[in-house]
Each structure stands twice: as structure tokens, then as C-alpha cells.
1. I'd like the Karplus ³J(HN,Hα) series for the stretch 59-76: coefficients 6.51, -1.76, 1.60, θ = phi - 60°, whole numbers in Hz, and an x wherever there's a Gly or Pro.
2. I'd like to compare 55-64, 37-46: which one has the highest average count of other Cβ atoms within 10 Å, and what's the full order after that?
3. Val402 accessible area, nearest 10 Å², 1.4 Å probe?
4. What is the set of long-range amide H partners of Leu235 at a cut-off below 5 Å, with H atoms built 1.01 Å from backbone N?
5. Residue by residue through the stretch 347-359, what is 3J(HN,Hα) from phi via Karplus (6.51 cos²θ - 1.76 cosθ + 1.60, θ = phi - 60°)? Round to whole Hz and write x for glycine and proline.
6. Rg over Rh of the stretch 1-100, using C-alpha atoms and the Kirkwood radius, what does it come to?
7. Karplus couplings for the stretch 404-412 from phi (6.51 cos²θ - 1.76 cosθ + 1.60, θ = phi - 60°), rounded to Hz, Gly and Pro as x?
8. Once you place label points 7 Å from the Cα toward the Cβ at His372 and Val21, how far apart are they in nm?
Amino acid sequence: MGYKSLGEFIEAAEHIGDLKVIHGADLDLEVGCLTELSAERDGPLLLFDRFKGFPADFRIASNIYRSSRRRYALALGFPIDAHPVELVKMLRERRQAQKPMPPVEVGDGPVLGHILKGADVDVGLFPAPKWHSGDGGRYIGTADIVIVRDPETGWINFGTYRACVQGRDRLSLWIIKHKRGRIIAEKYWSKGQACPIAVVLGCDPLTLMAATSPAKYEQAGALHGAPVEVVKAPLTGLPIPAHAEIVFEGEMPPPEEETVPEGPFGEWPGYYSHSGQECVVRVKLIAHRSAPILCGSPPLRPLLTWNEDLPINGVDFWDHLERSGISDITGVWGHCNGLMVVIALKQRYPGHAMQALLAAAGLRRSASMYRHYVTVDEDIDPSNIRDVLWAMCTRVDPGTSVEIVRNAWTSDLDPRLTPAQKASGDYTMGRMLIDACKPYHWRDSFPKTNIFSPEERRQVSERWAKLLEEIEKSAKGKAAGK
């Protein structure tokens, strides 16, 4: 079973040596900048406390799991030092075996430890950093789950949408129009009603992961291996995680009734994006546990490291490829937050590699801002960007190995969209398909690599493990001091 709360997970990270507590950092610069600098060094989970003007035990946690393969594995109960492609395989196996589990309602929970209503409501009671120096405000919601109920079916949806402090009892939310949370809100708005809403700021990692799944609480239960415990939110009656940290309850009125300026905000492709009039949440009740921890996951520039890219991209693409009839896949990985998808396979017939590329380009998921798709042979580790670049530089003929797909869909966060495209809503972009496999018809005659075989490398690594560990530590020390 997964960790019930964010606090439990932080304790587990401390147990494996992956926690650093930081006292008294500045909310305007240091919290966000330290989060970035630590992530660039494959650093630990950061827990900030003792902010000036706030209770000493009102804390912020950052780099929870999205910047760390070790902590991602820890959250899922996998070996923390597993190879990236092995993590993809394990996650695929779990997904195939797991069963959705609806949440179970309990009578009380730590999140209801403190209730603020009426004149006591003030979102400014909680420390909210400026995550990037150019952000248009204090984004208190970067790893939130925003909960709404479909007024027609009663179905509960939650997703992660960026939330900015706009006043004592106001937040702004940017919800892209095709997201389910927005579609549900529009059902209320079409009747002239405000949408009841609960914004959860801090919950266990597996429930947060489920925010990207269509099944929501059922998927969270599947990941946990047990139903998620929920309580009825005091104001709206929405089911909220019983072991959450902070919850803002209230309503989201129709945009015709009230909006606020929102943005810009540093988004996951590594650029500031989107400013405009957006929805507001009128906060009418705050619930929080004692010594609450705000969960922060500010988007960071893609770092091209094993630790920063996570297995879920590989899982979704591998499943999609197999459903599309592509055989003999040996590994899949998404680099640069999935902007480059690499598929390793054992070629079985002419056109096998290109067929895999075309099939991969047909998958749409999440932001769908894919750029480059690459196929490599089974001797290449798709998760190792050095291996992939070597294959691209030595096995690709730019005149015959590359295809361009034009006018494919992209996200409105895409920094390459022209101003005219954004103004007209033309969210389309080209995609590059790169066959970095040995040419099928003469692959057996392709020059042999001068790399030691996996068995030879294993033998030497086992005998000289201590020496190699010293070399690695020395290299990391030099890199940190550059």
C-alpha cells in the first residue's frame, strides 16, 4: 500500500537519505531558485520551514518526485535504483494487473483539524513562493488537485491546474478549455450557476499521480492497492483526501460574472506562457491539518537527465505501440519531459522502424506537445541520451532516414507557436520522425561497434565496483564545484 499522506512520504524519503530541510529561505527568490538548482544536481526532496511572518511549522515541500527517478520509484514501491527501462516494464506490469478501487468515505481525517470560515478565511495565512522570478504572482497551486462534481452524472473529477493567490479569499485558476474540469464547470455556468470546488494543496504522491488519469480516485486506489480514504468537505460535500494537508473550498463563478488577470507563469517546456483573464475561485472555507505542508511542483526547464524524466511517458507509448500491432519493442523512453520519444526495437521486417514511428506519432495524451520521435536498435538504451545521440549521429542518413509530419496537434503552451497561430487558435506543429536504426537490408553488414559487450562490462563492473564508485563520486564532486 502507498503512503497515506505527503508527510509519510517525506519521512520515507528521509529514510533513504533523500531529504534536506532548509530553514528561513526567502519566498520571493530563494525557495524557487533553490528548487531549480537542486533539481539540476539530481538533489533531494526539499522541505522549507521557518518563513518570516508565518508560523515556524507552516512548510513547503518541493522536488517531491517529479524531479527524481529514485523518489518516483519510492512512491510506487519499486526498487529505488532500478534502471529506467526496468521501471517502465514494472509500471506496465502493474498497470495491467491493477484493479480500479473507488474511494472509501471516513468520518474524519487530519485535514479537518483546523477549520476557517467567514472573516477568518485568508489564503495568505499560508506561505506561497514566487516559483520563477518572472511569474505574475504567487502560485500556491502547482501540485494541487482541483475537485469538482459533474452536475448531470455526479461523477467526481480532479486535475492539476495552476492556482495563483489573488486576494484574501480569491484564487485564479487556469484550466485549458478541453480539460474535464473546465467542461464540468461550464455545465454549471450554462445554467447561470457557480461551480462548487475544492482545491487540495498537498496530498500523497499516488493520488497526485492519478490526477492525469481518466479514472481519478479509482486510479489512485489502484495505485495504492487499497481505496483512498476521503471525507466530505465541510462546505461543498465534495470528497477530499482525508490525509491531505490544506483544502480551499468555495465556488467558481461564470467568467461573465468575474475573472482576474492571470499569468505569466514559467511552464514545463521551460518558458513563460499564457497571460489573460481567467477563472476565479471564491474561497469560503479553509481546512488544514496541524503543521501543514504546501506541496510545490513548479515546472522546471527540461534537464535531460535520467532522474528528471519519468517512466510514465514510456508506459503510455509502449502500450499504444503494442495495441497498434508493433512487435519486438525492447524499450521506450520520453526525454525532455516527453518532447522526444525514443523507441528501441529488434527489427523484424523492412519498414518496421518507420511503422513504429508513425504509430507513435498517432498517440495523443496530456499536453501532446511532442516534437521528435526516434527509433533505435535493441543495442541502444532508449533512456540514455548519450546512447541515443550516438545512434542518431552514426546511423541516420539525413536524406533518407527522416520524415516530417506537418500540421499535427500541439499544446497552447508550445513556445514555437507564432503569435498569429495563438491569436487564431491554430495549435498545430510539425513532427520529426527519425529512423536511427541500422538500415534493415544491410544491418548484418553494418560496422561492428567497439564497445565491450554487456557481459564483459558486468564482469569488470562487479570486480572493480569500489573503484568505479570512487570515480563516480569524484566526477559528481567536480561537477558540483564547477
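The values are calculated or read from the model by the stated rules, or taken from the named source; none is laboratory data. Computed from a prediction, not measured in an experiment: that's the story for all the values here. Positions of Cβ are generated from backbone atoms using ideal geometry, with glycine treated the same way; all protein chains shown enter the neighbour counts. We work out accessible area using only protein heavy atoms, side chains counted, and drop any ligands, DNA or RNA first. Shrake-Rupley method; radii C 1.70, N 1.55, O 1.52, S 1.80 Å.
1. 10, 10, 10, 9, 6, 5, 9, 6, 9, 8, 5, 4, 6, 4, 5, 4, 4, 8
2. For the peptides 55-64, 37-46, the packing ranking is 55-64, 37-46.
3. Here the residue's solvent-accessible area equals roughly 40 Å².
4. Here nothing satisfies the definition.
5. Karplus values, whole Hz, x for Gly and Pro: 5, 10, 7, x, x, 4, 5, 5, 4, 5, 5, 5, 5.
6. With Rh from the inverse mean 1/r over Cα pairs, Rg/Rh is 1.05.
7. My calculation for the stretch 404-412 gives 10, 9, 9, 6, 7, 6, 8, 9, 6 Hz in order.
8. Each label point lies 7 Å from its Cα, and together they span 4.3 nm.
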